[in-house]
Structure formats: structure tokens, C-alpha cells
Amino acid sequence: MNTDALVAHARARFDHAAARRVLKEKYEARMVFAHAGGMWRAGPNLLTTLLACAQDQDVVILDLYEIPVKITVTDLFALAHERWQEQMNAWNVECQELNKKR
């Protein structure tokens with residue numbers, strides 16, 4: 001391989017890695033939402049915490065900024081699960097398109 005081909009290959013790999021990082025940051029930002037006076041990040045940690053709580057009851061848990069907030073478990077779980085699935089599906093589509101360009 002000549003030097004130009006090596007440089008082009010390295011640049012393409014770097015651009016792909018940078019694009020993946022940008023996608024991750026973009027979709028992680030979209031996981032944040034407000035509910036019941038608190039800010040929440042949809043994801044496995046929140047969903048697991050909510051599943052561990054008694055369903056159809058009000059509980060107090062810490063939000064994204066470590067502030068205790070009283071929530072109804074089923075309401076917050078439904079919102080978090082919906083947000084998580086929407087954003088993960090969109091992230092997957094964009095990631096697949098990015099991989100095709102590589």
C-alpha cells in the first residue's frame with residue numbers, strides 16, 4: 001500500500017469512530033425527559049429501579065440530579081420505556097446507515 005492509501009484508510013476509520021461518538025452523545029441527550037417535577041434519563045438503570053419497586057404505588061426515588069421525587073411507578077415506567085425504545089430504534093437505524101457508508 002502506498003502512503004496516500006494508508007492515510008485515507010486511517011482518516012476513514014477516525015471519521016467513523018468520531019461519527020459513532022457523535023451518535024452516542026446525540027441519543028444519550030434524547031433519553032433525558034421531565035416527569036412529576038424531576039428529570040429522568042431513560043435507560044436500563046431507571047427501568048430496573050422501577051421494576052424493583054411495587055407497581056401501582058407512589059414511591060420516592062432520586063432523579064437525574066439526585067433530588068428525591070415522589071412518582072407513580074407505572075406512569076414513570078411507561079414513559080421511560082417508551083422513550084428508551086424510540087431512541088434506541090432510531091439510534092440503531094442511524095448506526096446501520098453509518099456502518100453501510102464505511
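Structure above, values below:
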read-out	value
From the coordinates shown, log10 I(q)/I(0) by the Debye sum over Cα atoms at q = 0.12, 0.17, 0.18, 0.25 Å⁻¹ corresponds to which of (i) -0.43, -0.80, -0.88, -1.47; (ii) -0.38, -0.77, -0.86, -1.63; (iii) -0.53, -0.79, -0.84, -1.25	(iii)
Projected label distance in nm at Leu51 and Gln85, using a 7 Å step from Cα toward the beta-carbon	1.4
Residues of type lysines that Lys26 reaches as a straight line, Cα spacing below 25 Å, ignoring anything fewer than 8 places off in the same chain	Lys100, Lys101
Contact order relative to length of the chain, as percent, for alpha carbon pairs under 8 angstrom and 6 or more apart	28
Qualifying aspartates and glutamates (Cα of each under 16 Å from Cα of Lys24; at least 8 residues distant if same chain)	Asp15, Glu86, Glu94, Glu97
Mean residue ellipticity (222 nm) of the chain, computed from DSSP H runs ≥ 4 via -39,500 (n - 2.57), nearest 500	-22500 deg cm²/dmol
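Only the coordinates and a few stated rules stand behind these numbers; no lab work does. Since the structure is predicted, the reported quantities are computational estimates derived from the model, not experimental observations. Ideal geometry is used to build each Cβ from the backbone, glycine not excepted, and the neighbour counts take in all protein chains shown.
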